[in-house]
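Below: the structure, in structure tokens.
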Amino acid sequence: MGLSQSGVVSFMEGMGEPAYRARQVFGGLHQRRLRSFDEMSDLPKHLRTRLNETASAATLTVESRYISDDGTRRFLMKTHDNLPVETVFIPEEHRDTICFSSQSGCPLQCTFCLTAQLGLLRSLTAGEIVEQIIIALNDAYGVGVKPPRGTNLVGMGAGEPFLNFDELIKALRVMADPQGLFIVPNRVTISTAGVVPRILELATIPDRPHLAISMGAPTNEQRNELMPINKKWPLEELLGACKEFEKTLKTGERFTVEYVLLDGINDSDEHARQLANLLNRHALHAKVNLIPHNPADPLPYQPSPAERVTQFQSVLESKGVRSFVRRPRGRDIFAACGQLAARRDTNPPPPNINSVLAQVN
Ligand code: SAH
């Protein structure tokens, strides 16, 4: 599932099969969204048998599906090695959105996020990323049925996408294929907690997704507390990388700054001023996406009251910073931002964050 069309061609050449067979297989997997070779009735039986012996068309299994009052669907899946993967389908007025995970669990220890409590189980393969989208699409529209209004993707599920950069980019390339899912990078937004070298790398990729940065706090002192990744890449470095990235944006295109609002913690007028000043000082033209905290036991935070959110917004506005508030979706089924933490028996202690970050240059 993680192979591009040319990857499938080489793979099947190795089996002594011609390129047109490979194209049938690629189309079967990614356009018809079939989850087994046996369903590919356009292939001769002996080829299906050989494929079953050498490859897998599907590795994720759906364990459960939860449907929210607002129509949001959360899929709890498991990998072949029994690790949790969560994907969220969010129906929207104009165009539905699928939120996928890049890792099982997450190594970052953001104090407001439930996924942190799983620790990192492992990074997902490109195939496992693509499969999540196929499963969600088939469930929402029917097997192989084209989404009537296209699909937006957000890499905002469990995990830090930029600590799994290569597989992520591979998955996006596979999904962009016009003979497959045909979801182009322009329809994709990837969110990072601030892995600076990968922000700079993304800036060099021509066909790339949109970028969102999770800010969480407007000072190093507070960000160190809430998002320990800040100790490795503090705000000046992060915003410097954003500036580099911004230079490569097309006219009218903006990157997003996400800011989770925690009641009485980071939501005062002073915090809003600090946030606006920070962006203005770096001459960044980001749009700010305010995310009311999605509470969950045992996280020690509450969402800011609505009036506070409005007031926070007007302080930003007065300093020329555009913002909008993200409507929480699927809170009742643990599908909202920061709530993906498949409760399961496997619960290893989170790894030491420094050892994880030390591997990134
Ligand atoms: N690791 C990446 C991808 C996850 S995106 C990143 O941090 O960007 C998930 C978004 O939800 C992030 O912006 C994060 O700051 C936010 N978030 C985490 N926990 C939350 C919570 N409990 N309530 C609201 N937003 C939360």
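Where a ≥ b ≥ c are the square roots of the eigenvalues of the C-alpha gyration tensor, would you call the range 1-58 rounded, which needs a/c under 1.5, or, failing that, prolate if a/b is larger than b/c, or oblate? Present the calculation step by step, with values, prior to reporting the outcome.
Values: a/c = 1.36, a/b = 1.06, b/c = 1.28.
The shape class here is rounded.
Dividing the convex hull volume of the alpha-carbon atoms in the chain by its residue count gives 141 Å³ per residue. Mind listing the lone cysteines of the chain, meaning no other Cys beta-carbon sits under 4.7 Å from theirs? Cys with no partner Cβ under 4.7 Å: CYS99, CYS106, CYS242, CYS337.
Going 7 Å from the Cα of GLU53 toward and past its Cβ, which residues in the range 17-33 have a backbone nitrogen under 13 Å from where you end up? No residues fall inside that zone.
Using a 1.4 angstrom probe on the protein heavy atoms only, could you order HIS282, HIS94, HIS30 from most to least accessible area? Working shown, then result.
Working: HIS282 45, HIS94 140, HIS30 0 Å².
In descending accessible area the options line up as HIS94, HIS282, HIS30.
Largest mean-square fluctuation among THR111, THR49, THR151, in a Gaussian network model of the chain whose springs join Cα atoms under 10 Å apart, belongs to THR49.
Given the options GLY142, GLY194, GLY159, state which has the largest fluctuation in a GNM of the chain using a 10 Å cut-off (strictly under) for Cα springs. Of GLY142, GLY194, GLY159, the most mobile in the Gaussian network model is GLY142. Remark: for residue pairs LYS45/LYS146; LYS247/LYS287; LYS231/LYS319; LYS243/LYS287; LYS78/LYS170; LYS247/LYS319, the C-alpha separation exceeds 24 Å in LYS45/LYS146; LYS231/LYS319.
Helical runs (DSSP H, four residues minimum) scored at -39500 (n - 2.57) apiece and divided by the length of the chain put the mean residue ellipticity at 222 nm at -10000 deg cm²/dmol. Residue by residue, the range 322-333 carries 3J(HN,Hα) couplings of 7, 9, 9, 9, 7, 6, x, 10, x, 4, 5, 10 Hz when phi is fed to the Karplus relation 6.51 cos²θ - 1.76 cosθ + 1.60 (θ = phi - 60°); x denotes Gly or Pro.
A Förster radius of 30 Å combined with the Cβ-Cβ distance from ARG281 to GLU307 puts the calculated FRET efficiency at roughly 0.60.
Taking the Cα centre of the chain as reference, the dipole from Cβ charges on Lys and Arg (+1) and Asp and Glu (-1) amounts to some 660 debye. With a 10 Å cut-off between alpha carbons and a GNM built on the chain, which of ARG198, ARG327, ARG33 moves the most? Per the Cα network of the chain with a 10 Å cutoff, ARG327 tops the list. Here the extension length gained between ARG254 and ARG95 equals 55.3 nm, from 0.36 nm per residue of separation less the Cα-Cα distance. Modelled this way, with points 7 Å down the Cα-to-C-beta line, the labels at SER10 and GLN179 are 1.7 nm from one another.
The values are calculated or read from the model by the stated rules, or taken from the named source; none is laboratory data. Worth saying up front: this structure is predicted, and the values here are computed from it rather than measured. Glycine also receives a Cβ, built like all others from the backbone with ideal geometry; neighbour counts cover every protein chain displayed. Just so you know, the surface numbers come from the protein's heavy atoms only, side chains and all, with ligands and any DNA or RNA stripped out. Shrake-Rupley method; radii C 1.70, N 1.55, O 1.52, S 1.80 Å.
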